[in-house]
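Below is one structure, written out as structure tokens; the observations come after it.
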Amino acid sequence: MKLGRGDLNGAERRSAYPTDANGQTRSPAEPRRHGTEPRRGAWRGGAGPGSAGDGRSGTAERGSAQRSDVAGGGVRLPALPRPGPAALGRSDLKFNADLLASLQIFINNEWHDAISKKTFPTINPATGEVICQVAEGDKADVDKAVKAARAAFQLGSPWRRMDASHRGKLLNRLADLIERDRAYLAALETLDNGKPYSIAYLVDLDMVVKCLRYFAGWSDKFHGKTIPLDGDFFCYTRHEPVGVCGQIIPWNFPLLMQAWKLGPALATGNVVVMKVAEQTPLSALYVANLIKEAGFPPGVVNIIPGYGPTAGAAISAHMDVDKVAFTGSTEVGHLIKKAAAESNLKRVTLELGGKSPNIILSDADMDWAVDQAHFALFFNQGQCCCAGSRTYVQEDIYNEFVERSVEKAKSRVVGNPFDFKTEQGPQVDEEQFKKILGYISTGKREGAKLLCGGNPAADRGYFVQPTVFGDVQDNMTIAREEIFGPVMQIMKFKTIEEIIERANNSKYGLAAAVFTKDIDKANYVSQALRAGTVWVNCYNVFGAQAPFGGYKASGNGRELGEYGLEAYLEVKNVTMKIPQKNS
């Protein structure tokens, strides 16, 4: 069953927000710092389009709002459309559970109930209430999807015979459709995940489109080579698709992780069986409609909502899946690699957890370093695998840095994710919410100094106050384990040699950063850090062109960039005897 989408061309565009008797938008409710309970609104499950205003000054045009520095990079961002149906031109369309109900499994470009007929609820994290029921895929559904994918990959199939350049056209068409429905997708992402609508629209969706377009451009550009063997032989290499690719994506960036996985797989001619996270299935399932609309042949992309121990495990252990790509926790990464090894030794790429060091040297620009360290930790509610979750500050600037970081955390706006002023929404679910509060309790018990926050930020929903700890020691639990929430730990160091050793003393190696005005120090530290990505005087800078992946327990393989294609390609050597070779 399709998720509803408004007609973009014909209907009058109106505000999705409440109006008074004169047709004017009512004064919005302002979000408060830290403690606001999102106001209940038109969406079943509470917070959603219409449940709170944008807090605008009254000078912006109705239906949009100016938003600056949303991504934390100090850049002025464009106007935001209102979330929801009005942004798509349908003011009569209601976002509620009735519209979203009976979401199914996408196989062979068709929608199917789970073979078991089971469903599971997806929850609005701003309220803790059920949005709708979604089909619960398991091993039987994975078998069905893999069979469809294998048929789509057969020699002579429309997909295998398609020109490489046309695969690129289909990816570009998918990007066009996502851009067309950008406001709707951003609203779904916010409803299901809890991230601020402004971030979903301006950051996540922008990166999704750019990622798909980047890999569309690669579709006809991965070339084989001719090789000058001795003797009368002609030798060349072919770059061929791996085949049926299982892909298991996380809940923290549902749309973006879907694009990171689909882009290289489809550009190189593979077929996909994707399991979406049970916490956040709605936006990825909506994209399934767009995949069909874009013109991808049946069976090329199959999408299964379900749980890791059932659907995810079935993909990892399936004898007819040629590769599995997973983004998620290191613990689950171990299980996936084991299942792959014990089945058919399928290829595995893993993007796993992190505990990334963010190193602030004493000569760093203090204003910029404080802003970026805040962004490095608190962006996306702290739910980033590469979050700068070990903030190391050189001792002579430590006190000032801590004081300013605490003030910045206290001023962070937490509230209804559909409010344009909100900087931090809820954590994704109750499990994460309780886990984060547990880590905060552990930090206090082990002697770290709680400087601000540390409590729930609302009476309902899964909101956590922006939290900062000082006087953190490297052997404390909060300094070693991935919290995956808005909890900043600030630690002191003396020398560069000391901090390199401490920064590398972790089982993780996903990302790191160093802030300094000295180019020699920047080069020295960035070369010494054992991490797949090192940022210098910036944090969380991503582009589809640049590879991303981890050292050590943070995974193996790379996503994005030219390197991201390698995991989806087989290299075949073809050598043929010829009558005579000439130079």
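The values are calculated or read from the model by the stated rules, or taken from the named source; none is laboratory data. Bear in mind that the values here come from a model prediction, so they are computed numbers and not experimental data. Please note: Cβ atoms are built from the backbone with ideal geometry, for glycine as well, and neighbour counts cover all protein chains shown.
Of the candidates Leu335, Leu352, Leu361, the single residue that is farther than 30 Å from Ile519 by Cα, hydrophobic (A, V, I, L, M, F, W, C) and surrounded by fewer than 23 Cβ atoms within 10 Å (Cβ to Cβ) is Leu335. Filtered by the rule that a residue be within 17 Å of Ala288 (Cα to Cα) and of a type in the set (Gly, Ala, Ser), the stretch 154-210 gives Ala175, Ala183, Ala186, Ala187. So Leu155 passes all but one of these: (1) aliphatic (A, V, I, L, M); (2) over 21 Å from Val301 (Cα atoms); (3) in a loop (DSSP other than H, G, I, E, B). Which condition number does it fail? If we test Leu155 against (1) aliphatic (A, V, I, L, M); (2) over 21 Å from Val301 (Cα atoms); (3) in a loop (DSSP other than H, G, I, E, B), just (2) comes out false.
Just one of the listed residues (Lys507, Lys492) is modelled with pLDDT of 95 or more, under 14 Å from Ile359 (Cα atoms) and of a type in the set (Lys, Arg), namely Lys492.
Out of curiosity, is Gly388 among the small types (Gly, Ala, Ser), within 20 Å of Cys538 (Cα to Cα) and in contact (Cβ under 8 Å) with a residue 60 or more places away in the chain? Judged against the criteria, Gly388 is a match. Which residues, taken from the stretch 525-583, are in a loop (DSSP other than H, G, I, E, B), among the polar types (S, T, N, Q) and within 27 Å of the chain's Cα centre (by Cα)? Hits for the stretch 525-583 are Asn537, Asn540, Gln545, Ser554.
Close contacts from the stretch 256-278, counting a first residue that is under 14 Å from Glu570 (Cα atoms) and a second that is part of a loop (DSSP other than H, G, I, E, B) and polar (S, T, N, Q), with Cβ to Cβ under 7 Å and a gap of 6+ residues or different chains, come to Ala267/Ser219. Of all residues in the stretch 266-316, those satisfying the criterion of being among the aliphatic types (A, V, I, L, M), closer than 21 Å to Glu179 by Cβ and in a helix (DSSP H, G or I) are Leu266, Ala267, Leu282, Ala284, Leu285, Val287, Ala288, Leu290, Ile291, Ala294. Any residue that is within 12 Å of Val487 (Cα to Cα), assigned to a loop (DSSP other than H, G, I, E, B), out of contact with any Gly (no Cβ under 7 Å at 6 or more places or on another chain) and hydroxyl-bearing (Ser, Thr, Tyr) - is there at least one of those in the stretch 409-416? Checked against the condition, which is being within 12 Å of Val487 (Cα to Cα), assigned to a loop (DSSP other than H, G, I, E, B), out of contact with any Gly (no Cβ under 7 Å at 6 or more places or on another chain) and hydroxyl-bearing (Ser, Thr, Tyr), the stretch 409-416 yields no hits at all. For Lys210, the requirement of being out of contact with any Gly (no Cβ under 6 Å at 6 or more places or on another chain), within 20 Å of Asp163 (Cβ to Cβ) and charged (D, E, K, R) is not met.
For the stretch 232-260, name all the residues that are of a type in the set (D, E, K, R) and part of a strand (DSSP E or B).
Passing the criteria: Arg238, Glu240.
The set of residues in the stretch 259-294 being of a type in the set (S, T, N, Q) and either crowded, with 24+ Cβ neighbours inside 10 Å or touching a Cys at 6+ places or on another chain (Cβ under 6 Å) (or both) consists of Thr268, Asn270, Thr280, Ser283.
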